[in-house]
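All remarks here apply to the structure that follows.
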Amino acid sequence: MKEALGRAADWIVAAERVVVSTGAGMSKESGIPTFRDAMDGLWAEYDPTELATEAGFRKDPRRVWSWYAHRRRMIEACRPHAGHFALAQMERLLPSLLLVTQNIDGLHAAAGSADVVELHGSIRRLKCLDHAHPFAGAPVPVENGDGGAAAADDTGLSGDLAGRVPNAPASTEEEEEDPPPCPVCGSPLRPDVVWFGEMLPERAVERAWAGAERCDVLLMVGTSGTVWPAAELPRVARAGGARVVEVNPEAGDFAGAVDLFLQGPAGQVLPALLDCVGRRLGAQRGRQGQS
């Protein structure tokens, strides 16, 4: 592992552009269950697709609104782990690091990463159902609500984590409430996430693919290689001449598109990789100072 970390660090230090792509494994290390793992308790009886489609929302907006409030509460109880912070620090050390994530929890931005592309949206933002107007107003008063909604734009990229979206009540039948209306058009507000059957945000996809095409190193972290279209990124990067490094407890399904596999949890591997990168950059600066 020490030798593999050194090789990866050498590639990263020599790179002009680095792209990092993260998946559900990254969030799971912070205690965030995957979508289907979150179907417990009251929600165990429901088909997940009924709670993550436009048709399901239109049929029972109260139920879907409460389900996402339940998920949001779980996410807000979790914190970034050492791997999140290592990527944020690496971004500050390198000339260019673009972080592309399939996760909707906002933990990368919470850890300090500035250039984040959220392919599947963010549970911390809202938009309206009919016209996708971003919600940036005051929260709906609820029992435990204590902040404003995060400002959002139409890019599909990361938003302001200082804000909070309105929380639905606790997830019980008698406490369900209708989602609040959009202040612009009156249609119901919904989570700004990608539901089954929906297209990924166009701007986010454009940035992710452009980054993969132009990068020198692509770092795949906590993703299995089975969720499309994100699973195509290592192949796009390889076609452009980039090195592809995978960080996972077990190897994903990347069909020969990986140059180097760093086995282990992101919370352990990424800080070790950051340390190697930092030491190489320090030695590089020392040599430049002597010359």
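The values are calculated or read from the model by the stated rules, or taken from the named source; none is laboratory data. Here the structure is a predicted model, which means the values were calculated and not measured. Cβ: placed from backbone, ideal geometry, glycine included. Neighbour counts: every protein chain shown.
Of note:
- Checking GLU246, GLU213, GLU174 one by one, the residue that is among the charged types (D, E, K, R), at pLDDT below 90 and not in a loop (DSSP other than H, G, I, E, B) is GLU174 and no other.
- Among residues of region 216-243 being in contact with a strand residue (DSSP E or B) (Cβ under 8 Å, 6 or more places away or on another chain) and part of a helix (DSSP H, G or I), the one that is modelled with the lowest pLDDT is ALA230.
- Residue match in region 16-24 (condition: in the same structural domain as GLY211 (by TED's automatic domain parsing), part of a helix (DSSP H, G or I) and either modelled with pLDDT of 90 or more or surrounded by fewer than 19 Cβ atoms within 10 Å (Cβ to Cβ) (or both)): yes
- Considering GLY197, GLY267, GLY282, the condition of being free of Cβ contacts under 8 Å to residues at least 40 places away in the same chain, out of contact with any Leu (no Cβ under 7 Å at 6 or more places or on another chain) and not in a strand (DSSP E or B) is satisfied by GLY282 alone.
- Residue in region 194-205 that is on the phi > 0 side of the Ramachandran plot and at pLDDT below 95 present: yes
- Of the residues ALA251, ALA239, ALA283, the single one that is closer than 22 Å to SER30 by Cα, surrounded by fewer than 16 Cβ atoms within 10 Å (Cβ to Cβ) and in the same structural domain as VAL13 (by TED's automatic domain parsing) is ALA251.
- Test: residue in region 180-200 that is more than 17 Å from the chain's Cα centre (by Cα), outside the structural domain of ASP130 (by TED's automatic domain parsing) and among the aliphatic types (A, V, I, L, M): no
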